[in-house]
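Asks: For reference, the structure I am asking about is given below.
Coordinate-derived values only; no laboratory data. Just so it is clear, the model here is predicted, and its values are computed rather than measured. Here Cβ is always computed from backbone atoms with ideal geometry, including for glycine, and neighbour counts include all displayed protein chains.
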Ligand code: BES
Ligand code: ZN
Ligand code: ZN
């Protein structure tokens with residue numbers, strides 16, 4: 001979507017539709033106050049009213065709710081609701097009169113983000129039915145605002161479009177979105193951006209390097225696994241940031257097969273990997289002055305005669321042996337290799353992001369992702385980045401008692417805890433074995449990656465994590 005910043009009268013002359021936000025109990029701006037409909041416009045949160053300034057275009061008024069409740073998140077929601085109505089009205093260009101919120105940059109970010117994310121659709125497999133008309137597309141957004149918000153608007157556009165690309169990857173079915181497909185996307189990112197290089201390992205190299213977790217999960221199917229490494233060098237003198245994303249392109253559970261109902265959604269088990277890939281693309285596009293290493297281990301998890309079996313013992317990249325007591329706990333096996341590899345490659349602080357446990361959905365729903373970390377400072381940064389982007393997180397603790405639950409009977413570790421309780425934490429305790437003492441934060445997005453149902457993230461792929469990771473990189477860049 002094209003995003004511009006311009007100062008202009010109301011309504012904007014060259015936009016198909018101008019959007020004006022008003023707070024509860026307040027009236028529309030003076031310039032359109034005498035137009036038909038203006039007197040009835042309501043400030044109630046998310047309420048839409050049409051105003052018709054004769055011969056001067058169309059205005060849509062959206063309620064922003066109580067002024068004292070206003071924040072970036074409510075503005076993203078209001079922007080999405082208004083933009084969705086604009087699409088329904090078949091407007092291809094929008095102008096937004098910047099409402100007052102205190103900080104114009106924050107306001108601009110919220111409007112751009114809400115508009116771009118709120119009008120997202122996954123259309124790749126539509127359009128072949130001549131009976132079903134092509135949905136109208138919103139092509140441009142103009143902020144009627146001072147030029148000082150230009151940089152904030154452009155950053156928001158880059159981040160929101162990256163998030164929508166991650167949603168495309170999440171939604172693409174597993175017969176298209178294979179490990180090779182994710183690797184091809186990583187190669188595209190490296191080709192398109194300055195300062196990004198890519199390295200991709202296939203099955204033989206994964207086995208040869210001793211990445212026993214990724215190799216074991218990939219045994220079940222013919223689809224070749226990939227270990228994807230993207231490096232971005234933007235300079236700066238901060239520590240090298242490591243990003244690791246789970247890239248299971250389909251999770252059947254393997255021999256510990258999942259129930260059939262709802263299994264189609266397990267194409268989204270690469271959501272962490274998608275968030276990492278597109279966050280790297282955005283970080284490079286923003287030319288942030290940081291050093292970055294991203295690792296995405298990618299494979300299917302399939303049952304077959306060659307699949308890894310419950311009880312099998314594998315050796316991870318760092319030499320630890322693991323009993324695979326449940327083949328559906330595959331994410332931690334591939335992340336273990338990737339985390340150890342990221343440490344070896346020089347990552348000095350690591351964030352991993354993964355649709356790792358059903359337990360996190362029970363604990364925190366679709367509203368919060370879990371953050372589990374061995375480092376208070378990094379955890380606070382991740383939580384803070386999410387607060388500002390609207391991707392909420394909640395920290396859960398580590399404790400030696402949880403670590404004890406991950407001991408194996410014949411090997412060093414088991415991938416299945418000795419008790420079911422605290423499932424998200426025991427999974428993270430397993431991962432902690434592979435980061436040495438590197439500051440590390442794990443973000444479990446099993447509940448927030450899909451079907452969040454917030455106005456701008458929709459009912460399916462949410463792209464959760466992209467803006468959070470970019471914001472984290474921005475904070476590190478200073
Ligand atoms: N990909 C799943 C996690 C998941 C479950 C995401 C439900 C979204 C909804 C993961 O690989 C998995 O299956 N985890 C198991 C672990 C268990 C066997 C210890 C789980 O959470 O049930
Ligand atoms: Zn699984
Ligand atoms: Zn999984």
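Asks: So for 293, 362, fewest C-beta neighbours within 10 Å to most, what's the order?
Replies: In order of increasing Cβ crowding within 10 Å: 362, 293.
Asks: Over all directions, how big on average is the projection of the convex hull of the alpha-carbon atoms in region 71-132, in square nanometres?
Replies: Seen from a random direction, the Cα hull of region 71-132 projects 5.0 nm² on average.
Asks: Hey, another quick one. In Å, what Kirkwood hydrodynamic radius results for the chain from the alpha-carbon pair distances?
Replies: 23.1
Asks: Rounded to whole Å and sorted largest first, what semi-axes of the equivalent ellipsoid does the C-alpha gyration tensor of region 97-228 yield via the square root of 5 times each eigenvalue?
Replies: 38, 22, 12
Asks: Further, regarding this structure: I need 409, 448 ordered by Cβ neighbour count within 10 Å, fewest first.
Replies: 409, 448
Asks: Further question on the same structure: What 222 nm value per residue comes from the helices of the chain, counting each DSSP H run with n ≥ 4 as -39,500 (n - 2.57) and dividing by all residues, nearest 500 deg cm²/dmol?
Replies: -10500 deg cm²/dmol
Asks: Principal axis extents for region 344-395, Cα atoms only, whole Å, descending order, please.
Replies: 35, 24, 17
Asks: Next up: Taking other Cβ within 10 Å of each residue's Cβ, how do 123, 444 sort, fewest first? Present the calculation step by step, with values, prior to reporting the outcome.
Replies: Values: 123 12, 444 33.
Lowest count first: 123, 444.
Asks: In 5 Å bins starting at zero, report the fraction of Cα pairs in region 177-252 per bin as a rounded %.
Replies: Histogramming region 177-252 at 5 Å steps yields 3, 14, 23, 22, 17, 11, 7, 2, 1 percent.
Asks: Another question, then. Under 1.5 on a/c is rounded, so check that first for region 410-478, then, if it is not, pick prolate when a/b is larger than b/c and oblate when it is not; a ≥ b ≥ c are the square roots of the alpha carbon gyration tensor eigenvalues. Please report the intermediate quantities before stating the final value.
Replies: Working: a/c = 3.90, a/b = 1.40, b/c = 2.79.
Since a/c reaches 1.5 but b/c is at least a/b, the shape of region 410-478 is classed as oblate.
Asks: Given region 207-360 reduced to its alpha-carbon atoms as identical point scatterers, what log10 I(q)/I(0) does the Debye formula return at q = 0.09, 0.20 Å⁻¹?
Replies: Normalising to I(0) and taking log10 leaves -0.29, -1.18.
Asks: Turning to a different aspect of this structure: Starting from the Kirkwood radius over alpha-carbon pairs of region 263-351, derive D by Stokes-Einstein at 37 °C in a medium of 0.692 mPa s and give it in µm² s⁻¹.
Replies: Calculated translational D: 217 µm²/s.
Asks: Still on this structure: Taking a quarter of the surface of the convex hull around the Cα atoms of region 323-427, what do you get in nm²?
Replies: Values: hull surface 28.7 nm².
Computed as one quarter of the Cα hull surface, the answer is 7.2 nm².
Asks: Please determine, in degrees from 0 to 90 and to the nearest 10, the orientation of helix 331-345 with respect to the longest principal axis defined by the Cα atoms of the chain, where the helix direction is its Cα long axis.
Replies: Helix 331-345 and the main axis of the chain meet at about 90 degrees.
Asks: Taking every DSSP beta bridge that has both residues in the chain, what percent is antiparallel when rounded to the nearest 5?
Replies: 40
Asks: Find how much the distance from residue 34 to residue 6 grows on full extension, using 0.36 nm per residue of separation minus their present alpha carbon separation; answer in nm with one decimal. Present the calculation step by step, with values, prior to reporting the outcome.
Replies: Working: separation 28, 0.36 × 28 = 10.08 nm, distance 2.42 nm.
Extra length available between residue 34 and residue 6 comes to 7.7 nm.
Asks: Using alpha carbons only, how many degrees (0 to 90, rounded to 10) separate the axis of helix 466-477 from the longest principal axis of the chain?
Replies: Its long axis makes an angle of about 90 degrees.
Asks: Hey, what angle do you get for helix 179-192 against the long axis of the chain, alpha-carbon based, 0 to 90 degrees rounded to 10?
Replies: For helix 179-192, the angle is close to 60 degrees.
Asks: While we're looking at this one, here's another question. Computed FRET efficiency, Cβ-Cβ of residue 313 and residue 387, R0 41 Å: what is it to the nearest 0.05?
Replies: Calculated transfer efficiency: 0.45.
Asks: How large is the translational diffusion coefficient of region 2-144 in µm² per second when you combine the Kirkwood radius over alpha carbon pairs with Stokes-Einstein at 25 °C and 0.890 mPa s?
Replies: Taking Rh from Cα pairs, D becomes 160 µm²/s.
Asks: Okay, moving on. Looking only at region 247-340, where both bridge partners belong to it, what percent of the DSSP beta bridges are antiparallel (to the nearest 5)?
Replies: 50
Asks: Taking 51 Å as R0, compute the FRET efficiency from the Cβ-Cβ separation of residue 394 and residue 180 and round it to 0.05.
Replies: Values: r = 35 Å, r/R0 = 0.69.
Calculated value: 0.90.
Asks: Please report the orientation-averaged projected area of region 208-259, defined via the convex hull of its C-alpha atoms, in nm².
Replies: Projected over every direction and averaged, the Cα hull of region 208-259 covers 5.7 nm².
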